[in-house]
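Below: one structure, written as structure tokens.
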Amino acid sequence: MCMATSAAFLPDTLKQQVAGLRLSSIEIQHCFPALPTPLQTASGSLDVAPLITVGLHTSCGIVGESYLFSPNQSLIPALSEATKAVFEVVRGDPCLPEDITDKILQNFKLFGGTGILTMAMAAIDMAAWDVVGKALGQPLYRVLGGKTTQVQSYESSGLGIGDLATIKQQAQQFVQAGNTTMKLRLGYATLADDLKALEMFAQVFGPSVQVMVDYNQGLTPTEALTRCRAIDGHGLLWIEEPIHAELLEDTATLQAALKTPLQIGENLWSPTEVERALRLSACQYIMPDVGKIGGVTQWLRAAKVADAYGVKVSSHLYPEISCHLLAAIPNAHLLEYADWTANQFSGHTKPANNRLNLPQRPGFGLSHSAV
């Protein structure tokens with residue numbers, strides 16, 4: 001039997017069952033599935049989900065699959081070429097995800113391990129973990145020690161900046177499926193318009209719907225203080241990325257002035273940056289993006305950092321992959337569900353009643369393309 005393992009996160013009971021496996025080649029495709037629900041945010045609009053899909057081939061024929069999402073379609077070729085270049089560093093190596101990640105970080109130390117390089121590493125790391133799950137014949141969350149078959153979720157499909165009647169209709173559709181926790185994008189031209197959107201939710205749904213809001217880094221620190229204080233008493237689950245993600249000290253100052261938790265993390269590129277954000281008390285919640293932080297290995301490392309600070313971890317996008325990770329950590333919070341890749345993968349699962357059922361196929365369960 002041809003299998004692979006990682007020393008850090010694979011349970012001891014499974015380590016004895018694995019054997020060597022080497023990376024042989026990589027296959028990358030560019031895909032642009034239409035978003036089922038186009039989205040307008042304070043920092044741009046999305047009509048399609050620009051993706052690269054990755055097939056990581058191994059010496060015994062198992063193919064690990066992953067993907068990367070880029071909100072900027074023009075960067076897809078660069079992501080693709082970077083992933084191919086990074087793969088050459090580990091071609092022929094054993095399919096041990098943590099070792100793969102650490103070798104890539106070491107080899108590109110002078111280049112710097114953030115941005116497109118980190119995403120390229122993530123594509124390979126995620127696909128390597130998919131190989132591990134497939135080799136062991138188990139869904140990845142089981143490989144990682146997860147016991148639950150569901151994770152708590154919230155709806156993030158739609159509810160962009162725009163016409164309130166459309167937003168109301170989308171929210172009602174979520175409620176009909178029992179998904180009463182949802183994210184609303186804010187950052188309208190004026191604070192008064194932000195408040196109108198929140199007041200609409202309160203009038204239509206009352207306390208039956210729980211709302212978090214996302215400014216998508218659209219405010220200056222001064223604007224953020226004014227707007228976030230104005231919405232601080234609206235019972236929000238959190239306020240997400242009100243200012244530029246790199247301004248952690250300013251974010252900490254803002255958090256200290258608010259009762260509502262701040263949520264950040266999707267634009268933090270390493271566990272070290274996550275630790276810095278938490279050390280500064282820049283947020284009460286953290287939500288790493290598995291594609292930006294460097295893959296499953298780095299995401300799990302970041303979750304351990306957060307656990308040491310007593311902070312709950314949510315996911316950002318990649319619901320087909322992120323659900324496995326949340327099921328495997330003790331400090332899991334909420335899965336961000338967005339339907340952006342629903343038109344690409346037949347392994348894509350939708351939530352109901354604020355919960356998503358975990359796939360039971362080996363690995364991530366992304367073996368078949370829907371288009």
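Just a few scattered comments:
- Rg/Rh for the chain, where both radii come from Cα atoms and Rh is the Kirkwood radius: 0.96
- Each label was represented as a point 7 Å from its Cα along the Cα-to-Cβ direction; for Gln284 and Thr272 these points are 3.0 nm apart.
- Cβ-derived FRET efficiency at R0 45 Å, Ser25 paired with Ala189, nearest 0.05: 0.35
- Extension gain, Glu246-Glu223: 0.36 nm per intervening residue step, less the Cα-Cα distance, totals 6.6 nm.
- Order by protection proxy (mean Cβ within 10 Å, highest first), peptides 91-100, 263-272, 228-237: 263-272, 91-100, 228-237
- Straightening the chain between Gln150 and Gln106 buys 12.2 nm, computed as 0.36 nm per residue apart minus the Cα-Cα spacing.
- Separation in nanometres of the label points that stand 7 Å from Cα toward Cβ, at Asn357 and Glu81: 4.5 nm
- Ordering 299-312, 24-37 by mean Cβ neighbour count within 10 Å, with the highest value first, yields 299-312, 24-37.
- Candidate lysines - alpha carbon under 24 Å from Lys168, same-chain residues fewer than 8 apart omitted: Lys183, Lys196, Lys350
- Distance between the modelled labels on Asp93 and Thr114, one decimal in nanometres: 2.3 nm (7 Å Cα→Cβ projection).
- When the inverse distances between all different Cα atoms of segment 292-354 are averaged and flipped, the Kirkwood radius reads 12.4 angstrom.
- FRET efficiency, 1/(1 + (r/R0)^6) with R0 41 Å, evaluated for Gln173 and Thr253 via beta carbons: 0.60
- The Tyr309 and His234 beta-carbon pair, evaluated with R₀ = 22 Å, returns a calculated FRET efficiency of approximately 0.25.
- The alpha-carbon of Lys292 sits under 18 angstrom from the alpha-carbons of these lysines, leaving out residues fewer than 8 places away in its chain: Lys84, Lys103, Lys109, Lys304.
- Here the chain has 51 percent of its accessible surface on carbon and sulfur atoms, given a 1.4 Å probe and all protein chains in place.
The values are calculated or read from the model by the stated rules, or taken from the named source; none is laboratory data. Here the structure is a predicted model, which is why all the values come from computation and not from measurement. Reconstructed Cβ throughout: ideal geometry from the backbone, glycine too, with neighbour counts over all protein chains shown. Ligands, DNA and RNA are stripped out before the accessible areas are found, and what is left, the full protein with its side chains, is counted by its heavy atoms. Shrake-Rupley method; radii C 1.70, N 1.55, O 1.52, S 1.80 Å.
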